[in-house]
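Q: Structure incoming, see below.
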Amino acid sequence: MKKLWTLIAISILNVSCSNKVDLEQKNKELTDQNLLLLDSINRLSFRPDFSGFPDSLRIDTTQGLLGKIYNDTLVILAEYADCGEWGGHREWLKIHKDKDLTKVTFTYDSVACRYKNEGKKYFQTEKTTYTIDKNLQQEVIYYLFDINRMTLLNQKVGSNAANSYEVYIKSSSDLPLLFNLQISFIDRSFNWDHFQKLKNKIKTNANSSYK
């Protein structure tokens, strides 16, 4: 009888271990599937497909994907609250056309929490110009869609300090702009990092740079 109970106990233990392994495997598979699903949702949410346009629109992208801004300058500005409500530093990406090339000038200001004696708060510490191809121009378009989407959402976060982001067209002439664009977004969560991602992609993948 003792041997019988021993055999039954061993059988139950084996079944239990087998079930545990099966459950762990199924849990891993479900986790992997959920991660793939989340990645797909993120891609659909933040990366619309610009691979083609309806022929009836007759859109010419041979000179680049950014269209009318080539007559002026597209300014992408980020202002960070490194010092809380006292401010911090600013960064710019200024995109413009130079003959057949599309260029981005990146400018970085020093962190300043107080105005200097001469009344100036920000001091430029870096200025570099990059030449970007159509793939990086596409990244700029993604950024425009991302920041515009954020302006439609509400953040349930209260704070005296925030990072702010802005996009606008700056003309080199006194004539009225034929195409006007101005988008601004305030991030009180300090978690929106799309400007940094765009900047890093340009710095990493630009064809060439000039200091």
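Rule-based calculations on the coordinates, nothing more; no lab input. Not measured: the values here are computed from a predicted model. Note that we place each Cβ from the backbone using ideal geometry, even for glycine, and neighbour counts take in every protein chain shown.
Q: Would you calculate the separation in nanometres between label points at ASP100 and ASP22, each defined as 7 Å from the Cα along the Cα-to-beta-carbon direction?
A: Taking the two extended label points, one gets 6.6 nm.
Q: Past the 21 Å Cα-Cα mark, which pairs from LYS99/LYS201; LYS134/LYS197; LYS94/LYS134?
A: Working: LYS99/LYS201 23 Å; LYS134/LYS197 17 Å; LYS94/LYS134 16 Å.
Listed pairs above 21 Å: LYS99/LYS201.
Q: As an exercise, use a Förster radius of 30 Å and the Cβ-Cβ distance of ASN154 and CYS113 to find the FRET efficiency, rounded to the nearest 0.05. Write out the running numbers ahead of the final one.
A: Working: r = 29 Å, r/R0 = 0.97.
Calculated transfer efficiency: 0.55.
Q: In the neighborhood of TRP92, defined by Cβ-to-Cβ distances under 11 Å, what is the net charge if each Lys or Arg adds +1 and each Asp or Glu adds -1?
A: Values: positive: ARG90, LYS94, LYS127, LYS170, LYS199; negative: GLU79, GLU91, ASP109, GLU126, GLU166.
Here the charged neighbours net out to 0.
Q: Here's something else I'd like to know. Extending each Cα 7 Å along its Cβ direction at ASP32 and ASP133, get the distance between those two points in nm, one decimal.
A: Computed distance between label sites ASP32 and ASP133 equals 3.3 nm.
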